[in-house]
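The values are calculated or read from the model by the stated rules, or taken from the named source; none is laboratory data. This one's a predicted model, so the numbers in the text were calculated from it and none came from an experiment. Virtual Cβ from ideal backbone geometry, glycine too; neighbours counted across all protein chains shown.
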Amino acid sequence: MEEIEIVATTVEQAIEKAEAQLGLSRDQFKVEVMIEEKAGVLGLGSRDAVIRVIPIEPERARPEPVERAGVEVAANVLDTLLELLGVTGEVEVLSDEIPLSFDITGEDLGILIGRRGQTLASLEYITKLIVTRRLEAWLPLSVDVAGYKKRRCDSLQRLAMYLAEQVKTKRGAITMEPMPAGERRIVHLALADNPDVTTHSIGEGESRKVVVMLRQS
């Protein structure tokens, strides 16, 4: 995979766009900051950030049988985790192609989602670690619960469009509630090409949130 250049309002937003465009996680590519963003004064002298993204080549090619085995291994890992958690659910394979995709269906699965999807994010992370350990190879995979991620993505995209109109109408910035990185990325991408508003993130750790503001001329 060849290196690419990404332009965005901030370096962070450029990195998030690179993750979405390449379908890679942050630890799978190197970032060279070519131009740092500049806020400017009253819109004068501002500039976007430009980064060069260089995908990291794996140390060795992953044999195709490992990818096929990944579906069975990941499904077994999820079944085991559900049993240990005392949760009744069925693991469904949504995609057996990279990235692997799974959905857990059943009744009363809110405990697997948690507040703002934090428990689900932890479940997916643990699953990735165990699968990687068993296969001795890294496989990208996604875990969902009762279609939560899809519904949340659609909801955030609609909210982003609504807030963009509010910012445009009221001529003032709006700060969203704290969200995990994956959800902030959805908002950034939803408004990335909006001619009237732009976005950036503020805060640290779990308190990090997205600000929607007017795009300066």
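Can you pull out every residue in the range 168-177 that is in a helix (DSSP H, G or I) and either of a type in the set (Asp, Glu) or at pLDDT 95 or above (or both)?
Passing the criteria: none in range.
Could you tell me which numbered condition Ala137 fails, if it satisfies all but one of (1) surrounded by 12 or more Cβ atoms within 10 Å (Cβ to Cβ); (2) touching a Leu at 6+ places or on another chain (Cβ under 9 Å)?
So the condition that Ala137 fails would be (2).
Kindly evaluate Lys149 against the criterion of being touching a Ser or Thr at 6+ places or on another chain (Cβ under 8 Å) and within 25 Å of Val93 (Cα to Cα).
For Lys149, the condition - touching a Ser or Thr at 6+ places or on another chain (Cβ under 8 Å) and within 25 Å of Val93 (Cα to Cα) - is met.
Considering the range 1-20 alone, what residues qualify as being surrounded by 14 or more Cβ atoms within 10 Å (Cβ to Cβ) and part of a loop (DSSP other than H, G, I, E, B)?
Passing the criteria: Thr9, Thr10.
Considering only the range 88-117, how many residues are assigned to a helix (DSSP H, G or I), without any contact (Cβ under 8 Å) to a residue 60 or more places away in the chain and not basic (Lys, Arg)?
Residues in the range 88-117 being assigned to a helix (DSSP H, G or I), without any contact (Cβ under 8 Å) to a residue 60 or more places away in the chain and not basic (Lys, Arg): 4 in total.
Give the range 178-199 a look and list any residue that's touching a residue at least 40 places away in the same chain (Cβ under 8 Å) and either assigned to a helix (DSSP H, G or I) or crowded, with 19+ Cβ neighbours inside 10 Å (or both), or say none.
Met179, Ala181, Gly182, Glu183, Arg184, Arg185, His188, Leu189, Thr198, Thr199 - these are the residues of the range 178-199 that are touching a residue at least 40 places away in the same chain (Cβ under 8 Å) and either assigned to a helix (DSSP H, G or I) or crowded, with 19+ Cβ neighbours inside 10 Å (or both).
Out of everything in the range 21-61 that is assigned to a loop (DSSP other than H, G, I, E, B) and surrounded by 15 or more Cβ atoms within 10 Å (Cβ to Cβ), what residue ends up being modelled with the lowest pLDDT?
Ser46
Show the residue pairs that are 6+ apart or on different chains and have beta-carbon atoms under 8 Å apart, the first residue being within the range 50-74 and more than 24 Å from Glu3 (Cα to Cα) and not assigned by TED's automatic domain parsing to the domain that holds Phe29, the second being modelled with pLDDT of 75 or more and charged (D, E, K, R).
Short answer, once both residue conditions are applied: Arg68/Asp96; Val71/Asp96; Val73/Arg134.
What are the residues in the range 167-177 that are surrounded by 14 or more Cβ atoms within 10 Å (Cβ to Cβ) and of a type outside the set (A, V, I, L, M), if any?
Correct list: Lys168 only.
Does Ala8 meet the test of being in contact with a helix residue (DSSP H, G or I) (Cβ under 9 Å, 6 or more places away or on another chain) and at pLDDT below 90?
Answer is yes for this residue.
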